[in-house]
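Values in this text are rule-based calculations from the coordinates and carry no lab data. As the structure is a prediction and not an experimental result, all values here were calculated from the model. Using ideal geometry, Cβ is built from the backbone for each residue, glycine included, and neighbour counts are taken over all protein chains shown.
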Amino acid sequence: MRQIKLIQSLFLLSLLSSLSIGNQLHAMQSEYVDAIKADYHEFNSGTFEPPPELTWVGAVSTDTSNAGLAYENLQDFSLFLKEASPGSFIFYNKLPDQYKDQLHQQYLKTGNLDEIKKDIFKYSSEIKKQNPN
Amino acid sequence: MNIQFKPGKWLSCLCVLTISFFITATAFGGVDSTLELPAEDEIPSAEEIARQVYFANHFYAFKNFSIERRGRTMTVLINRSSSGKVTATALERHLNNKYQSAEDEVIQSRDLAIFHSGKLRGTGMLITEYKDEEKNKDYMVWLPALRKIRRFAQPQHDDAWGGSVFTFGDVTLRKPDDEEHELIGKKKLRTCLGTIDDLEGKHYRYAGELPERSCRHINKEVYGLKSTTRFDYWWYDYRISYIDTTSFADYRTLYFKDDELIKVIDRDWGLVDSDREGDPRALFWKYWYGLDLRTGQESWAVIPQKVVSYNKKRRNSFWSEKTLRKIKR
């Protein structure tokens, strides 16, 4: 009789724990929620205090003035491009800064990497035509 | 009273409840394609911001707008339940905002959606929105099993779409006048937009390679708009939206009940054409991500850039019952 009761209570316990797991956010979701809560609090406090885990803040440093690299400056964008499309980066790297700026701004607006790659080759061939040597 | 189970009817209801959030231009709430951008040198009122967001979300900057099928590539909606089960639906959608001829002038817009996978495969839906707001919208559904068109009533605002965390109100039906708006501030967006993280960058049927989380909006200036519902006993009390100060793209919406965060929706937006020197609101959705904090359920709708087209030369007759009847099972 005791054994049956024990089995029953174990079954209930495991059922309850599985239910609670079902309602919990997994670790990555929790990091995401922490990040958006930190972002939201800035409306009230006026300052952004990054969460401990920075995967959703797009930053590698805790320096709040520089939090969120997110391709905001040209250097970050160049690093991103180098990683995302190493082939295109070879051509991109040879472009004058004004073209690089243009491509960076275009990416911020459209988010279309395929179009950026096409434009890199377009600008490269334009420059080659202008300076054949 | 005998209640009989009718598969056709059941399927019809399912269709209405699962019609995609891509069918958006169905309620104009005093906003149409003539809405002008606010002056650059002044901060718009909260109501004006809400109207501008509505304009962007209903693609009024375009005569017509499509997310179509390009070979095997299509828009896909991925749902992951709290138990971890993943389902996906592929679809195409065509919106027409240009109704100017005498016979069509009562129509505000028409929207056509065709489903290509899952239980709704082969189903089509045509929604007609009229300029007269008092007039109900027409919902016509092509049911492939019956090879017939059926008409339906408009879904409820809080109906979940296809088991996703998005409601019809979130994506289609909610008008600016359904809420009271308050501007709570202006700041920079600080975080990347959400995704189903373990699917990021992976190859997925229909959509090809799924995108990485979008971080390119970080440090863009956003308005914080608090919108309090006018509906009684509603599923949320208020929501906070992060709205781009230039393009009026709403990147994020946080839903609160009893001051507790209960749901998040993130939207990644892209400008359709960087050379287009016109309207900054001429945008399209690259993806939507939703997380219900009460259940842990996630939804992710991904729209590959190559399936997006706009202002195509198409006759208005494309948005008709005739096209619905042509849908192949």
Per residue of A:110-119, other chain Cβ atoms within 10 Å number on average 4
Ranked from highest to lowest mean number of other Cβ atoms within 10 Å per residue, what is the order of the peptides B:241-250, A:120-129?
B:241-250, A:120-129
Show the residues, 5+ positions off or on another chain, whose built amide H is closer than 5 Å to the amide H of residue B:257.
B:237, B:262
Mind telling me which of B:185, B:290, B:124 comes out most flexible in a GNM of chain B, alpha-carbon contacts under 10 Å?
B:185
Along the range B:85-94, Karplus-curve 3J(HN,Hα) (6.51, -1.76, 1.60; θ = phi - 60°) to the nearest Hz, with x for Gly and Pro, reads 6, 10, 10, 9, 10, 9, 7, 10, 8, 9
Which shape class, rounded, prolate or oblate, goes with chain B when its Cα gyration tensor gives a ≥ b ≥ c as root eigenvalues, a/c under 1.5 marks rounded, and past that a/b bigger than b/c marks prolate?
rounded
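Using only atoms on other chains, find how many Cβ atoms lie within 10 Å of each Cβ of peptide B:182-188 and report the average.
Across B:182-188, the average partner-chain Cβ count within 10 Å equals 3.
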Virtual spin-label span in nm between residue A:125 and residue B:148, 7 Å along Cα→Cβ
5.7 nm
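How big is the convex hull of the Cα atoms of the range A:84-123, per residue, in Å³?
In the range A:84-123, the Cα convex hull volume per residue is 58 Å³.
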Once you put a point 7 Å from the Cα of residue A:90 and another 7 Å from the Cα of residue B:37, both along the Cβ direction, what distance in nm separates them?
4.0 nm
Quick check: residue separation of residue B:182 and residue B:294 times 0.36 nm, minus the Cα distance between them. What number comes out in nm?
37.7 nm
Under a point spin-label approximation (7 Å from Cα along Cα-to-Cβ), what is the residue B:228-residue B:212 distance to one decimal in nm?
4.2 nm
Residue B:119 to residue B:237: extension gain in nm, 0.36 nm per residue of separation minus the Cα-Cα distance?
39.1 nm
For a quick check, take a GNM of chain B with Cα springs below 10 Å and name the residue from B:213, B:230, B:110 with the largest mean-square fluctuation.
B:230
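With a Förster radius of 25 Å, plug the Cβ-Cβ distance of residue A:53 and residue B:202 into 1/(1 + (r/R0)^6) and report the FRET value to the nearest 0.05.
Details: r = 22 Å, r/R0 = 0.88.
It comes out at approximately 0.70.
Shielding of B:213-223 by partners, i.e. mean partner chain Cβ atoms within 10 Å per residue?
The shielding value for this peptide is 6.
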Leaving out same-chain residues fewer than 8 places away, which lysines sit with a Cα under 23 Å from that of residue A:100?
A:82, A:109, A:117, A:118, A:122, A:128, A:129, B:220
Relative contact order for the range B:7-326: what percent, with Cα pairs under 8 Å and sequence separation of 6 or more?
21 percent
